[in-house]
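Following: one structure in structure tokens, then a few remarks.
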Amino acid sequence: MCQSNPEPVTQNVSSKPGTNDTKRSKIMYKLVAIDLDGTMLNSYGELTEKTKEILQEKIKKGMEIVPASGRTLPSILPISEEIGGINYIIAGNGSLIYDTIKEQIIYNKFIPKQKILEIIKILDENSIYYAIYTDKEILTQALKYNVLYYHKSNLSKKEENQTKIRIIENMQEYVKNSEANYLKIMVCDDSELIFNGIINKLKLINKIEILDVGHQSKKIIREGTKEVLLEYYYTEISLENVDKWTAIEYLLDFLKIKKEEVIAIGDNINDKKMIQNAGLGIAMGQSSPKVTSIADIVSDTNDNDGVAKTLKNIN
């Protein structure tokens, strides 16, 4: 259960120099948008009891806790159900908003099929790995990189809680004959040189957004009793003007909440815009300098319950 007396902020949680703590303490925050991987979840993709308890405490006090992730919707739903009281979910880096009460999508910016075909033609011609995220599953030709991470996580979950992964032999033909809703394409490679080369080619395609990550992804998977570190360069391709903050703005208008009443928590470049624009922007301790430099607060790491430690002291 949650303690009645909040613990002091640890030395691993710090405010940006010049942040007006007195002014901020007078704001009653109504919505908290939280990234999942690298933020709410630890490096194994798990929600700790400490973090879950704090989120449940905030929900009981009337706060809207909104998972805002690059994941597919079915991959986010089990986490939201474990917390309980989650009314809205942002998936695909802002490609859709899902109302869990009405069980329906209330906002979407899907990538048209022809644009998907245009992108994967270039990727196939250059023999580089990619995975396509739909509103229901991940499409891939091999279990590698981020998809391998989800696959390994699935092994310890009930089938209904697993991230849905579909192995496709011929992606071009599958997409041509599919009526799926496409959220984003994730492109990965071990070589920075090869990776940057394909990014330059993709930039020639119009009406898409290419996430400027600039660093390797690092995830941990379990192989029996061993821990294996996955490291790779990646980018995420979405429709033009799709990001988490734009989706949050739609939700704020829908709920009649001011942006000053919003807390945004994340660790990666796809979280930068929401951290920068929210009333209170929080970066995780392990975030890149590009993210920590624009945050109001730098929390502890995701493996040290940074979300819980920071939210415990915020009303």
message: Please count how many residues of region 264-315 are among the polar types (S, T, N, Q) and under 14 Å from residue 39 (Cα atoms).
response: 11
statement: Residue hits (region 197-211; more than 19 Å from residue 231 (Cβ to Cβ), outside any helix (DSSP H, G or I) and in contact with a Ser or Thr (Cβ under 9 Å, 6 or more places away or on another chain)) are 208, 209, 210
statement: Sole miss for residue 275 among (1) out of contact with any strand residue (DSSP E or B) (no Cβ under 9 Å at 6 or more places or on another chain); (2) without any contact (Cβ under 8 Å) to a residue 40 or more places away in the chain is condition (1)
- request: Scan region 212-243 residue by residue and report those that are part of a strand (DSSP E or B) and of a type in the set (Gly, Ala, Ser).
  value: 217, 238
- prompt: Which of (1) crowded, with 21+ Cβ neighbours inside 10 Å; (2) assigned to a loop (DSSP other than H, G, I, E, B) is the odd one out, the single condition residue 257 does not satisfy?
  reply: (1)
field: Matching entry among 168, 199, 185 (being in contact with a Leu (Cβ under 6 Å, 6 or more places away or on another chain) and of a type in the set (A, V, I, L, M))
entry: 168
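Condition check ((1) out of contact with any Pro (no Cβ under 9 Å at 6 or more places or on another chain); (2) in the same structural domain as residue 88 (by TED's automatic domain parsing); (3) within 22 Å of residue 133 (Cα to Cα)) across all residues:
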site: 164; (1), (2), (3): no, no, yes
site: 171; (1), (2), (3): yes, no, yes
site: 181; (1), (2), (3): yes, no, yes
site: 222; (1), (2), (3): yes, no, no
site: 257; (1), (2), (3): yes, yes, no
site: 260; (1), (2), (3): yes, yes, no
message: Any residue in region 284-313 that is at pLDDT 95 or above and assigned to a loop (DSSP other than H, G, I, E, B) sitting within a Cβ distance under 9 Å of a residue that is basic (Lys, Arg) and surrounded by 24 or more Cβ atoms within 10 Å (Cβ to Cβ)? List the pairs, counting only those 6 or more apart or interchain.
response: 294/272
query: Take the residues of region 157-177 that are over 21 Å from the mean Cα position of the chain (by Cα) and over 16 Å from residue 119 (Cα atoms): which is surrounded by the most Cβ atoms within 10 Å (Cβ to Cβ)?
result: 168
query: Does region 113-132 include one or more residues that are more than 25 Å from residue 240 (Cα to Cα) and among the polar types (S, T, N, Q)?
result: no
task: For residue 201, work out the one condition from (1) charged (D, E, K, R); (2) at pLDDT 95 or above; (3) not assigned by TED's automatic domain parsing to the domain that holds residue 93 it doesn't fulfil.
output: (2)
- request: Pull up region 139-172, narrow it to residues that are basic (Lys, Arg) and assigned to a loop (DSSP other than H, G, I, E, B), then point me to the one that is farthest from residue 227 (Cα to Cα).
  value: 164
Test result for residue 247, crowded, with 23+ Cβ neighbours inside 10 Å and part of a helix (DSSP H, G or I): yes
message: So for region 210-218 (the condition being assigned by TED's automatic domain parsing to the domain that holds residue 133, surrounded by fewer than 19 Cβ atoms within 10 Å (Cβ to Cβ), at pLDDT 95 or above and closer than 16 Å to residue 128 by Cβ), does at least one residue qualify?
response: no
message: Out of 185, 194, I need the residue that is part of a strand (DSSP E or B), out of contact with any Asp or Glu (no Cβ under 6 Å at 6 or more places or on another chain), surrounded by 12 or more Cβ atoms within 10 Å (Cβ to Cβ) and not assigned by TED's automatic domain parsing to the domain that holds residue 79. Which one?
response: 185
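The values are calculated or read from the model by the stated rules, or taken from the named source; none is laboratory data. Quick caveat, the model's predicted, so the values are computed rather than measured. For neighbour counting, all protein chains shown are included, and Cβ atoms are generated from backbone atoms with ideal geometry for every residue, glycine included.
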